[in-house]
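Everything on this sheet refers to the single structure shown next.
Coordinate-derived values only; no laboratory data. Since this is a predicted model, take the numbers as computed values, not measurements. Backbone-built Cβ (ideal geometry, glycine too); neighbour counts: all protein chains shown.
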Amino acid sequence: MDFGIDLLSGSRLELYDITGRKVRVFNVGGKKDFVLDLRDLGIKPGVYILMLNTPVGRRSIRFIKE
């Protein structure tokens with residue numbers, strides 16, 4: 001997944017289930033590239049929200065894990 005913004009120091013990628021429960025947190029700050037393979041997360045099928053928080057803003061993606 002590409003959020004189209006730089007991963008500045010202090011950036012975090014957070015994974016939430018559809019109820020808003022935080023499932024995972026990834027500290028991605030300072031990395032030029034970060035690849036997240038959704039197949040390797042060990043999560044159950046359902047709807048999830050992936051939120052990228054950086055010092056300059058926030059982006060989110062909603063996806064369905066089958």
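Pairs under 6 Å by beta carbon, first residue in contact (Cβ under 8 Å) with a residue 40 or more places away in the chain and within 14 Å of Val23 (Cα to Cα) in segment 33-46, partner among the basic types (Lys, Arg) and part of a loop (DSSP other than H, G, I, E, B), six or more apart or different chains?
Close Cβ pairs (under 6 Å, with a partner that is among the basic types (Lys, Arg) and part of a loop (DSSP other than H, G, I, E, B)) do not exist here.
Within segment 15-32, which residues are under 13 Å from Arg62 (Cβ atoms) and touching a residue at least 24 places away in the same chain (Cβ under 8 Å)?
Of the residues in segment 15-32, the ones under 13 Å from Arg62 (Cβ atoms) are 15-18, 20.
Of everything in segment 15-32, those that are under 13 Å from Arg62 (Cβ atoms) and touching a residue at least 24 places away in the same chain (Cβ under 8 Å) turn out to be Leu15, Tyr16, Asp17, Ile18.
Taking segment 21-66, which residues are out of contact with any strand residue (DSSP E or B) (no Cβ under 8 Å at 6 or more places or on another chain) and more than 21 Å from Gly10 (Cα to Cα)?
Passing the criteria: Arg21, Asp37, Arg39, Asp40, Gly42, Glu66.
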